[in-house]
Ligand SMILES: *Cc1c(COP(=O)(O)O)cnc(C)c1O
C-alpha cells in the first residue's frame, strides 16, 4: 500500500509527560483512507489531524455504522518503539466489520498504516515510566443517505494520543457493581464487536454504578442475567480455589480481548487451570463468602490489569483479598507490562518494532 504524506506547516507543542491523562492530547497527524463501492480502498494518506467535514445525512450519524480498535505503542528503555500483537487488532476489526456489514481491511494494510503513522509521530511516544502512545483506528459509513442499508462509502482513520501512567502510585483495587437490570449484549447481537453503539448503550449502567459509589459495571448475560460476562471495556477473571475462571468469547456476547488472551497464555504457562466457562453470579458471591474467591481482576489495553477489591450484587457485598492487590494479579501485571515496555524478554513473539 502506498501512503501519501501531507506535511503540517507548524507542529503542536507537546504536553507535559507527567500529566497526560487519557485521550486528551491528539498528535499532529492522522492516517486516512477511503472506500467506495466498485473502487475499494484508495488514497491512503497521512495528513494533519484536524476536523473533517461530513454531510449531516451521513449514515454513521443516524444508524451508528462504526467500528473501532484500541492499541498502544511503547517506548523501550533503549528508545526503540514497539507495538503489541497489532495483527490481533487487525483481525478483530475485520470481525467487527463483517458483523456491521462494513468492508474488511487487509491485515497487512492495517498494520502498515499503524506503523507508518507511529513512525511519523515517533517524538510523540512518551518516555516517562508506564506512559505510551494510545492508537485509535476506526471506520465509519460516510455515504449521505437516510436508507438503512450497507453504505457505498466508508472512511478508515487512525488517530493517536500520548497517555499517562494508569497507576502512578501502583495498582489500585476498584469497587464493581454487578448490573442486574440493564444488559450489554445478547446472543446474535454485536457484543463481540468493538462498535460505537455498544458503548453508547452502556453509559446508563455506568452512571448508575458511579452514583452508588462504584467505578465500573460487571455485566451479566443478556438472556438470564445469571452468568458474569465482562466489565465496561475490560474482560474479567476470577481466581477461585486456585483456578482461574473467565467468560468464553466464542458465543458472540463477550469481546475477545487481546490482553485476556495474553493473560490466559501466561497463566497456562505458569501451570494454572484456566476455565473459559459460564460462572453464575450466585456461585461467585458464594465463593466470596466462603473464602475461596482469592483474586478478581479486569484485563484490557488501557489499564492492562485492574484489581477488584469489592463486588456488589443486589444487597450482597463481598470484599476480595482485604481490598488489596493479589499476588497473581501483580505478577501478571509485572510480566505483561515488562514484555510491552521491553523490560523482560518476549518469548512469545508478541512485540514488533515499528520499522520491522
Ligand atoms: C476493548 C475491550 C476489551 C479489552 O480488549 P483488549 O484487546 O484487551 O484491549 C474488553 N471488553 C470490551 C467490551 C472492550 O471494548
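What distance in nm separates the two pseudo spin-label positions at residue 289 and residue 128, each 7 Å out from Cα along the beta-carbon direction? The modelled label-to-label distance comes out at 4.5 nm.
Report the relative contact order of the chain, percent, no decimals, based on alpha-carbon pairs under 8 angstrom and at least 6 residues apart. Provide the component values of the computation, followed by the final result.
Working: 740 pairs, mean separation 63.8, N = 356.
About 18 percent, as a whole number.
In a GNM of the chain with a 10 Å cut-off on Cα contacts, which of 230, 181, 66 has the highest mean-square fluctuation? Among 230, 181, 66, the largest GNM mean-square fluctuation belongs to 181. Here the Gaussian network model covers the chain, with springs between Cα atoms less than 10 Å apart; of 130, 180, 55, 55 fluctuates the most. In the stretch 227-356 the Cα-Cα distances spread across 10 Å bins starting at 0 as 12, 44, 33, 9, 2, 0 percent of all pairs. For the pair residue 275 and residue 241, how long in nm is the line joining their label points, each one 7 Å along Cα→Cβ? So the label points at residue 275 and residue 241 sit 0.8 nm apart. Only helices enter this figure: runs of n ≥ 4 DSSP H residues, each worth -39500 (n - 2.57), summed and divided by the residues of the chain, yield -7000 deg cm²/dmol at 222 nm to the nearest 500. With 20 Å bins beginning at zero, the pair-distance distribution over Cα atoms of the chain amounts to 28, 58, 14, 0 %. Is the shape of the stretch 4-163 best called rounded, prolate or oblate, per the rule: a/c under 1.5 gives rounded, else a/b larger than b/c gives prolate, else oblate, with a ≥ b ≥ c the square roots of the Cα gyration tensor eigenvalues? Prolate.
For a modelled paramagnetic label at residue 10, 7 Å from Cα along Cα-to-Cβ, the residues of the stretch 19-45 in reach, with backbone nitrogen under 18 Å, are 26-29.
Which of 178, 10 comes first, and how do the rest follow, when ranked by fewest Cβ neighbours within 10 Å? Lowest to highest Cβ neighbour count: 10, 178. Projected label points at residue 24 and residue 144, each 7 Å from Cα along the beta carbon direction, are separated by 3.7 nanometres.
Residues considered: 106, 86, 51. Largest GNM mean-square fluctuation over the chain, using C-alpha springs under 10 Å, is found at 51. With contacts taken as Cα pairs under 8 Å at a separation of at least 6 residues, the stretch 255-315 carries a relative contact order of 33 percent.
Rounded to the nearest 0.05, what FRET efficiency do residue 62 and residue 226 have when you use their Cβ-Cβ distance and R0 = 45 Å? Mind showing how you got there, number by number?
Working: r = 35 Å, r/R0 = 0.78.
Calculated transfer efficiency: 0.80.
The Kirkwood hydrodynamic radius of the stretch 7-77, based on inverse pair distances between different Cα atoms, is 15.8 Å.
Readers should treat all values here as calculations from the given coordinates under stated rules, not as data from a laboratory. All values derive from a computational prediction rather than experimental measurement. Every residue, glycine as well, gets a Cβ built from its backbone with ideal geometry; the counts of neighbours run over all protein chains shown.
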